[in-house]
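Enquirer: Sharing a structure below in C-alpha cells format, with a few things to ask.
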Amino acid sequence: MSGHPSCGRRRPGSGLLPSSSADPTSGSDQRIREEGRPQMNELTSGGIVPRSPGVTPARIVALALIAVLALGLTSLRFDRDHDTAAVPAGAKAGDLFLEPCTYPTEDGDLPADCGTLVVPENRADPGSRLIALPLTRIRASSADPGAPIFRLEGGPGISNMTFPLASRLVQNHDLVLVGYRGVDGSVRLDCPEVESAIGRATDLLSEAYFDAYAAAFRACADRLMEDGADLAGYGLPQQVEDLEAARAALGYERIDLLSESAGTRTAMIYAWRHPERINRSVMLGVNPPGHYLWDQGVTDEQIARYAELRAG
C-alpha cells in the first residue's frame, strides 16, 4: 500500500511486522447473560427472522422495510466503494499489519497508518477460518495525544472506513477506523438476490412481494453458505470483539468511542463487555437493543394507513 512515510515518533502497532494479541472468545456472550444484560436475539445479532403464523402482514412489511433500509443481515453490505482486504500468508488471529499511508478528509490528506487486522470468522468455532478487516489509524498532530478515538458508523450495512470529518478530531487524538465484518474486508455479504426482488416489486404491500422478499433472503443465505461464509459469525458481538482485537493490537490501554445511529449499539455492547477499556463514549442518535423494530401496534396502524400517510 502506498502513502507518505510515517511520523518520527514511534507508535504501537506500526510497521509491517504483525502485532499479535489473544483474540477474545465467545464466552463474553455468557457474560452478558450472567450480568443481566439484554441478550442478542436473532434479529439484533444478524440472524434471519423466520416468518411465523403469529406475524401479521403489516408486521412482515415493517420487517421487510426495516431490513431493506436498515438491517437485513447485521452485516449485509450496501457500500461498494472500498478495496477488499486479504489475510496475509502465515497470519494468526489478532495479527495487525500496518504501513504508512494518507487518509482523505475535508481538510485534505492526513498522515495515517493503513493495513489489515486478522480475526476469526466465528470465535465460537475453534476451527473457524480467518478473515481480514481493513484498519486505518489517522495520527494525532499533538506530540502528546489523549486517548484514541474509535469511530463507529451507523447503518448497518454501511462501511466504517469513510469519515471525512476526521480532520476535526485529530489535533489531540489518534482516530481509528476498524472495518465492519461482512461489509468491509475479505468477506462481504452482498445480497443481489434481495436487491433484485426489491427492484422487481410493484407493490411492497402485496403478499407476492412478502414471499419473493423472504425467498430472496433464503437464496442469498444459501449462496453465501455454499461459498463458505459462516453466517453465525456476522453479528454485533463478533463485531465488538473485532474492536477489542484492534485496541489490543494497537497497544492502547483505554479508548474513546464516537458512535452514531446503529453504531451506538456496537458501542453499548462494547461497554458491557469491556468497561475497563473505555475512557469516554459519545453516542449520537442512540439506537439501543430492541429498537430496530417499532411498537407493533403503532407499526400496524401506520402500515394500514400507508397511502394516507404518504399523501399527507
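Each value in this text was obtained by applying a stated rule to the coordinates, not by laboratory testing. It should be emphasised that the depicted structure is a prediction, and the values quoted were computed from it without experimental measurement. Please note: Cβ atoms are built from the backbone with ideal geometry, for glycine as well, and neighbour counts cover all protein chains shown.
Enquirer: Give the residue list of trypsin sites (Lys or Arg not before Pro) in region 239-275 that are DSSP loop and have at most 16 other beta-carbon atoms within 10 angstrom.
Expert: Of the trypsin sites (Lys or Arg not before Pro), the ones in loops of region 239-275 whose Cβ has at most 16 other Cβ atoms within 10 Å are R254.
Enquirer: Can you pull out the trypsin sites (Lys or Arg not before Pro) in region 78-151 whose DSSP state is coil and whose Cβ has at most 10 other Cβ atoms within 10 Å?
Expert: R80
Enquirer: Something else now. Just report the Cα centroid separation between region 171-237 and region 130-148, whole Å.
Expert: 28 Å
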